[in-house]
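Participant: Structure below; questions to follow.
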Amino acid sequence: MGAGKIGSAIASRLVQKNVFPAKDVLVTGRCEEKLEKLRALGIEIGRDNKTAAEESDVVVISVKPKDVAGLCTNLGDACADSSKLVISVAAGIKISAIAGLLQKPDGRIIRAMPNIGVLVGEGFTALAPGTDCLNRDDALVAAKIFCNLGTCGFYDERMINPLTGISGSMPAYLAAFAGVIISTAIRHGIRRNEGRTIAGQNMVAMGKLLLETDYSVRDMIRFVGTKGGTTHAGKELAKKLGLFSAFRQTIERAIERAYELGHEDYGK
Ligand SMILES: NC(=O)c1ccc[n+]([C@@H]2O[C@H](COP(=O)([O-])OP(=O)(O)OC[C@H]3O[C@@H](n4cnc5c(N)ncnc54)[C@H](OP(=O)(O)O)[C@@H]3O)[C@@H](O)[C@H]2O)c1
C-alpha cells in the first residue's frame, strides 16, 4: 500500500530477484507515473486499497506516517481477521497504534524499519514482530521479504525508533558526505563521474572493512592517518569544527523525530 520510494523499491526488487512471482505482488498507489514503472515489471496494480488487502495474505503499509490513519480508515476491517499479516514500515508508529486503526487485535503486525539500500539489495531492515507473530511463520515471511533485500534482524519494538535514526535515515547522511566528496573532487578538476566512483568505492571499501574484518574503527582511522600527514590535518580541523559531534547530534535528532512521529496524530 503506497507506491512511493520505499514501497516501489521493495516491490520491484522482490520481483526482479524472483523472490515472488510478479503476479503475486499487488501494489496500490495514487500516482499513475510511479505505478506505471511497476506495471512494466509485471506487478499487479490496484487502485482500491480495501480490495487489494482483501485479496492479499500479507499487507505492507508504506505510506508516509501522516497518511497512515487515512489509509487504515480506507482499509476498514479488511485486515482485521487473523488470516492476514500486516507489515508497517511507517516511521514512529507503534504496533499498538496500527492494531487500533486496523481493528486488528490479533497481534499479527510486524513493524519494520528498512532503508533505501533495499533498492540495490543492500538494505538493512530492523523487524519487530507483534505478539502473535511468534507463534506463526510470520517472522519467516518477513525475513523472506527483507533478507532478500539486504540484511535484516529482529529487535524488540523499543529499538525501532533508535534504529530509524541510526539506519533508516543513514543513507541520506552518507549520500550527503558523498556529495561533499564529489563536489570537492570537481573543484579540483576531477570529472563528476570519477568523483562518484571515488566516493562510491570508498564507501564500499569501508563497508567491507566493517562487515568482513575484525578491525576496529580506531584501527581503520589509524591505517590512514599518521601524525603530521594529510588525513591527520583534516581530522584535526574536523574536530575543531565540531563535525563529529554535529553528526552525532544529527542522528540523535532523527531518533527524537521518530518518537515525535509516534505521538503525532498520523493523519487521524
Ligand atoms: N524512504 C525511505 O528511505 C524510508 C525508509 C524506511 C521507512 N520509510 C517509511 O516508509 C513510508 C513511505 O516513505 P516513502 O519515503 O516511500 O514516502 P513516499 O515516497 O511519499 O511514498 C508514499 C506513497 O504513498 C502514497 N499514498 C499515500 N496515501 C495513500 C493511500 N491512501 N493509498 C495509496 N497510496 C497512498 C503516496 O502517494 P502520493 O505520491 O500521491 O502522495 C506516495 O506515493 C514512510 O512511512 C516512511 O517513514 C521510508
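Participant: Which of the residues belonging to the range 151-183 are closer than 22 Å to Met203 by Cα and in contact with a Phe, Trp or Tyr (Cβ under 6 Å, 6 or more places away or on another chain)?
Facilitator: Within the range 151-183, Thr151, Cys152, Ser167 qualify.
Participant: Same structure again: At pLDDT below 95 and surrounded by 11 or more Cβ atoms within 10 Å (Cβ to Cβ), is that true of Tyr266?
Facilitator: yes
Participant: Still on this structure: Going through Gly121, Gly150, Gly117 one at a time, which residue ends up being in contact with a helix residue (DSSP H, G or I) (Cβ under 8 Å, 6 or more places away or on another chain), under 19 Å from Leu14 (Cα atoms) and surrounded by fewer than 16 Cβ atoms within 10 Å (Cβ to Cβ)?
Facilitator: So the residue among Gly121, Gly150, Gly117 that is in contact with a helix residue (DSSP H, G or I) (Cβ under 8 Å, 6 or more places away or on another chain), under 19 Å from Leu14 (Cα atoms) and surrounded by fewer than 16 Cβ atoms within 10 Å (Cβ to Cβ) is Gly121.
Participant: What is the residue count in the range 7-31 for residues that are assigned to a loop (DSSP other than H, G, I, E, B) and either in contact (Cβ under 8 Å) with a residue 60 or more places away in the chain or surrounded by 19 or more Cβ atoms within 10 Å (Cβ to Cβ) (or both)?
Facilitator: Here the count works out to 4.
Participant: So for the range 115-122 (the condition being part of a helix (DSSP H, G or I) and touching a Leu at 6+ places or on another chain (Cβ under 6 Å)), does at least one residue qualify? Quick ask: steps written out before the conclusion?
Facilitator: Step one: filter the range 115-122 for residues part of a helix (DSSP H, G or I), giving 116-120.
Still in the running and touching a Leu at 6+ places or on another chain (Cβ under 6 Å): 118.
Checked against the condition, which is being part of a helix (DSSP H, G or I) and touching a Leu at 6+ places or on another chain (Cβ under 6 Å), the range 115-122 yields at least one hit.
Participant: Let me ask something else. Report, by residue number, each residue of the range 70-112 that is under 23 Å from the mean Cα position of the chain (by Cα), near the ligand (Cβ under 10 Å from one of its atoms) and open to solvent by less than 10 Å² (accessible area, probe 1.4 Å).
Facilitator: Cys72, Ser88, Ala90, Gly92, Ile93, Ala112
Participant: Another question, then. Would you point out the residue of the range 201-250, among those that are open to solvent by 50 Å² or more (accessible area, probe 1.4 Å) and of a type in the set (Asp, Glu), that is farthest from Ala175 (Cα to Cα)?
Facilitator: Residue satisfying both the conditions and the ranking: Asp214.
Participant: Only residues that are without any contact (Cβ under 8 Å) to a residue 60 or more places away in the chain and not basic (Lys, Arg): list them for the range 237-262, please.
Facilitator: If the condition is that a residue be without any contact (Cβ under 8 Å) to a residue 60 or more places away in the chain and not basic (Lys, Arg), then Leu237, Ala238, Leu241, Gly242, Leu243, Phe244, Ser245, Ala246, Gln249 are the ones that fit.
Participant: Could you list, in sequence order, all residues of the range 137-164 that are of a type outside the set (A, V, I, L, M, F, W, C), more than 11 Å from the ligand (Cβ to nearest atom) and either closer than 17 Å to Arg111 by Cβ or assigned to a helix (DSSP H, G or I) (or both)?
Facilitator: Result: Asp138, Lys144, Asn148, Gly153, Tyr155, Asp156, Glu157, Arg158, Asn161, Pro162.
Participant: Ala142 fails exactly one of the following numbered conditions: (1) more than 30 Å from Ala11 (Cα to Cα); (2) surrounded by 12 or more Cβ atoms within 10 Å (Cβ to Cβ). What is the number of that condition?
Facilitator: So Ala142 meets the others, but not (1).
Participant: Now for a separate question. Give me a count of the residues in the range 204-234 that are in a helix (DSSP H, G or I) and within 30 Å of Val120 (Cα to Cα).
Facilitator: As a first pass, look at the range 204-234 and keep what is in a helix (DSSP H, G or I): 204-212, 217-224, 230-234.
Imposing the further condition that a residue be within 30 Å of Val120 (Cα to Cα) reduces the set to 204-212, 217-221, 223-224.
Looking only at that region, the number is 16.
Participant: From (1) in a helix (DSSP H, G or I); (2) within 12 Å of the ligand (Cβ to nearest atom), pick out the condition that doesn't hold for Thr125.
Facilitator: Among (1) in a helix (DSSP H, G or I); (2) within 12 Å of the ligand (Cβ to nearest atom), Thr125 violates only (1).
The values are calculated or read from the model by the stated rules, or taken from the named source; none is laboratory data. No experiment lies behind these values; they were computed from the predicted model shown. Using ideal geometry, Cβ is built from the backbone for each residue, glycine included, and neighbour counts are taken over all protein chains shown. Accessible surface is based on the protein model in full, side chains and every heavy atom, while ligands, DNA and RNA are left aside. Shrake-Rupley method; radii C 1.70, N 1.55, O 1.52, S 1.80 Å.
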